[in-house]
């Protein structure tokens, strides 16, 4: 028989999950969109491995699943053809300055040689706190490039929060970072329109 604490935890978790799923994020303007660029011109987006830009890395994050995989899934659900790139290509290791101030010759060497549209998502920060409950905060950034022309076509940031009060929240502290990252990913990719 299920204990009262177990039932409370289960209901709190389901309520949190329902709230996060039911709060769809509307289309928002990105931080940067290249003049004249239309998402309708994209045939396939190659999602490259996530970049971990955190200063503090105490929290273990599965970048392949929580960032790269989540990006690919969200973009695919918006109607785009997608694939996962398993390498950054000829550019090797990537730092934030490379992404922000990408030069045309660098962009053309990023990712698989046969890809045209490549997207990179970075984890900037993730943190959790425990009081009488628990909270999580996360920040991600994303960049998309057109390798054919060597230009950045889209850039944005996403911030996410998660929280649960009381004893149930204290028991759920280990999930707060995942929920916050999921929320940040949804906010980041909300500026990518659905493909009609």
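The values are calculated or read from the model by the stated rules, or taken from the named source; none is laboratory data. Just so it is clear, the structure is predicted and the values come from calculations on it, not from any experiment. Here Cβ is always computed from backbone atoms with ideal geometry, including for glycine, and neighbour counts include all displayed protein chains.
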Taking into account only those residues within the stretch 105-140 that are assigned to a strand (DSSP E or B), free of Cβ contacts under 8 Å to residues at least 60 places away in the same chain and buried (at least 17 other Cβ atoms within 10 Å of the Cβ), which is farthest from the chain's Cα centre (by Cα)?
133
Taking the stretch 71-90 and the residues there that are in contact with a helix residue (DSSP H, G or I) (Cβ under 6 Å, 6 or more places away or on another chain) and closer than 16 Å to residue 112 by Cα, the one that is surrounded by the most Cβ atoms within 10 Å (Cβ to Cβ) would be 82
Out of everything in the stretch 91-104 that is surrounded by 13 or more Cβ atoms within 10 Å (Cβ to Cβ) and without any contact (Cβ under 8 Å) to a residue 24 or more places away in the chain, what residue ends up being farthest from residue 183 (Cα to Cα)?
91
Which of the residues that make up the stretch 141-177 are modelled with pLDDT under 60 and assigned to a helix (DSSP H, G or I)?
166, 167, 168, 169, 170, 171, 173, 174
Might you let me know whether the stretch 49-70 holds any residue that is surrounded by 15 or more Cβ atoms within 10 Å (Cβ to Cβ) and without any contact (Cβ under 8 Å) to a residue 24 or more places away in the chain?
yes
Do the conditions hold for residue 157, that is, is it surrounded by fewer than 17 Cβ atoms within 10 Å (Cβ to Cβ), in contact with a strand residue (DSSP E or B) (Cβ under 9 Å, 6 or more places away or on another chain) and in contact (Cβ under 8 Å) with a residue 12 or more places away in the chain?
yes
Output the number of residues of the stretch 73-94 satisfying the condition of being closer than 24 Å to residue 190 by Cα and in a loop (DSSP other than H, G, I, E, B).
4
